[in-house]
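What follows is a set of notes on a single structure, which appears directly below.
The values are calculated or read from the model by the stated rules, or taken from the named source; none is laboratory data. Every value quoted in this text rests on a predicted model; they were computed, and no experiment measured them. Glycine gets a Cβ as well: all are built from the backbone with ideal geometry, and neighbour counts include every protein chain shown.
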Protein chains: 2
Amino acid sequence: MGTAVLVMIDHPSASHPGAPAHRLVPAGSAQLPVTDVAVTRGDGIFETAAVRDGVVQSAERHLTRLAHSAAMLELPVPDLQVYREAIAEAVGALADSSDAFVKYTLSRGDEENPKGPIGWVYADVSPDHEDERTEGLPVVLLSRGYALDIAQTAPWLLQGAKTLSYAVNKSVLREAKKRGAADVVFTTTDGYLLEGPTSSLVLRLGDTLVTTRPESGILAGTTQEDVFAFAAELGLRSEVRDVRVEELAAADAAWLMSSVRLAVPINAVDGVPKAFDAALTEQINTRLIARRA
Amino acid sequence: MGTAVLVMIDHPSASHPGAPAHRLVPAGSAQLPVTDVAVTRGDGIFETAAVRDGVVQSAERHLTRLAHSAAMLELPVPDLQVYREAIAEAVGALADSSDAFVKYTLSRGDEENPKGPIGWVYADVSPDHEDERTEGLPVVLLSRGYALDIAQTAPWLLQGAKTLSYAVNKSVLREAKKRGAADVVFTTTDGYLLEGPTSSLVLRLGDTLVTTRPESGILAGTTQEDVFAFAAELGLRSEVRDVRVEELAAADAAWLMSSVRLAVPINAVDGVPKAFDAALTEQINTRLIARRA
């Protein structure tokens, strides 16, 4: 690699007069003890945002979601201004920030030698996702094992927080590959669509874009929210509601949307080819790439 | 602290002639890059075993479970002999191994600079759990959000693997504290008892010890298995089966069992005091402490 940069945040949740809150270090260097709870328990949270021409896209939506995840895990409240500055330091240190990403994290810290929470910002040039955006991806539907009301009935399961406990999100991608697909749409036990393991699901039904309510225990999608905010400019309405599994097959088009990969059309579901809307996909992605906030 | 030791395992899944497989390093030192998937995704597995008088208790059951978890996550097959040797090095480096623990891990490794899997063994003296063993702990019942057949219907959810994605296991302990309890028994959406977040649940119903089947997506309990293996010596029978929620209230006694804390009696469920069997608890723990394999 060699293009990545790393900024460690020593004081992510409160200002420490006299001590710098963050510092640039070699990206591949050993930074964490094995007793940090990010390692031992996946007990931390993260965000990944795209960077275009040195500007973090949807920057404030991501910071808002970080604060929301922190509240769900009862982590110390992150100092968002410290994160803004650490992110700016990381982006500024990239040799090429024309098409890059930043991934930033908040961990509860070392469980054996408690010194408070820590954070970091990792940045690098983005992988090329152009093929997926133009050709689409085949997905499989996999049960998330929960009912649609899980976030209300069992909030301790942390559905809707973007945590470091992502082993399941990796496992379902392996299951998808075994089934000849490249990505996953999670379903509930009572017949609703949720999200992808690293993306939001958006359907087009006629002239309306539809996505699942965040109250169903999915992540509020920063990219989906941006798309819904400019939907009217594309001549489309938008709805955030419960979405039945059958609606995916009935939809005129469907996408997985995420910060770095952007809007990727779904071109097959469980092995059944699905038509996709190439023109609208290009419109959406052109608009997403052009964001400068 | 100052009593902890750490052995890094550079080659946890295959022998590397000429390269030592493991090495002792300072326990609190930074060892992991922020891009190790143990950090970024909780995409690794672990075991925690007790050490008495320098001997790892239930050592082979733990190694067998590590291999089982690795298979569920499709991790590289761990070289158990390398783990045995690294564990022996860690235990040998403890200043006092009369009452200690070893926690060992296998990670898929660095996702940005792939160099294969890594592992480590962390060891330290055990905290004192005598009060919990003699006085018991209050628990609350919390839904795990899944039905009893989850491991069969959705194996990609990794229920039954001991992964580093343990944010939920920490979250439920916070929920328990809010409810005035100290630990948790997970339940299914269809009315069955599962396990604690870091322990197995065992009931005594008359002269029979009862625990939930591992096929229900719970961990095979190493301590519970040892107790069931010597149950006959205590004049008890044992059963591994589906266990209804109502059976906890009806049980003559109940315990959470785990490697380091051993058998801890449940003294209240959802705020309702529960009688416990102090004599049998002491018999079980005396027998568990005496294990020398």
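Side notes on the structure shown:
- B:SER97 being at pLDDT 95 or above and among the polar types (S, T, N, Q): yes
- Restricting attention to region B:113-153, the residues that are closer than 22 Å to B:PHE46 by Cα, of a type in the set (Lys, Arg) and away from chain A (no Cβ under 11 Å) total 0.
- Residue among A:ARG61, A:ARG52, A:ARG65, A:ARG41 that is within 14 Å of chain B (Cβ to nearest Cβ) and of a type in the set (D, E, K, R): A:ARG41
- Within region A:1-49, considering residues that are part of a loop (DSSP other than H, G, I, E, B) and of a type in the set (Ser, Thr, Tyr), the one surrounded by the most Cβ atoms within 10 Å (Cβ to Cβ): A:THR35
- For region A:13-51, the set of residues classified as in contact with a strand residue (DSSP E or B) (Cβ under 9 Å, 6 or more places away or on another chain) and either more than 30 Å from A:GLN159 (Cβ to Cβ) or not assigned by TED's automatic domain parsing to the domain that holds A:LEU73 (or both) consists of A:ALA21, A:HIS22, A:ARG23, A:LEU24, A:VAL25, A:PRO26, A:ALA27, A:GLY28, A:SER29, A:ALA30, listed by residue number.
- Note on region B:53-79: among residues that are of a type in the set (D, E, K, R) and not in a helix (DSSP H, G or I), the one that is surrounded by the most Cβ atoms within 10 Å (Cβ to Cβ) is B:ASP79.
- Qualifying residue in region A:85-96 (condition: without any contact (Cβ under 8 Å) to a residue 12 or more places away in the chain, away from chain B (no Cβ under 11 Å), assigned to a loop (DSSP other than H, G, I, E, B) and not hydroxyl-bearing (Ser, Thr, Tyr)): no
- Hits in region A:1-38 (condition: of a type in the set (D, E, K, R) and away from chain B (no Cβ under 11 Å)): A:ASP10, A:ARG23
- Segments classed as helices (runs of 4 or more DSSP H), wholly inside region B:160-260, with at least 1 members that are among the aliphatic types (A, V, I, L, M) and closer than 25 Å to A:GLU74 by Cα: B:167-178
- Scanning region B:127-159 for residues that are on the phi < 0 side of the Ramachandran plot, of a type in the set (Gly, Ala, Ser) and in a loop (DSSP other than H, G, I, E, B) yields B:ALA147, B:ALA154.
- The sole residue among B:LEU157, B:LEU194, B:LEU209 that is of a type outside the set (Gly, Ala, Ser) and away from chain A (no Cβ under 14 Å) is B:LEU209.
- Residues in region A:230-244 that are closer than 16 Å to A:ALA263 by Cβ, surrounded by 12 or more Cβ atoms within 10 Å (Cβ to Cβ) and not polar (S, T, N, Q): A:PHE230, A:ALA231, A:LEU234, A:LEU236.
- Residue match in region A:99-109 (condition: surrounded by fewer than 22 Cβ atoms within 10 Å (Cβ to Cβ), out of contact with any helix residue (DSSP H, G or I) (no Cβ under 8 Å at 6 or more places or on another chain) and not in a strand (DSSP E or B)): no
- Of the set (1) under 21 Å from B:ARG41 (Cβ atoms); (2) of a type outside the set (A, V, I, L, M, F, W, C); (3) in contact (Cβ under 8 Å) with a residue 60 or more places away in the chain; (4) outside the structural domain of A:GLU246 (by TED's automatic domain parsing), all apply to A:LYS103 but (3).
- Filtered by the rule that a residue be in contact (Cβ under 8 Å) with a residue 24 or more places away in the chain and either crowded, with 17+ Cβ neighbours inside 10 Å or not in a loop (DSSP other than H, G, I, E, B) (or both), region B:261-273 gives B:ARG261, B:LEU262, B:ALA263, B:VAL264, B:PRO265, B:ILE266, B:ASN267, B:ALA268, B:VAL269.
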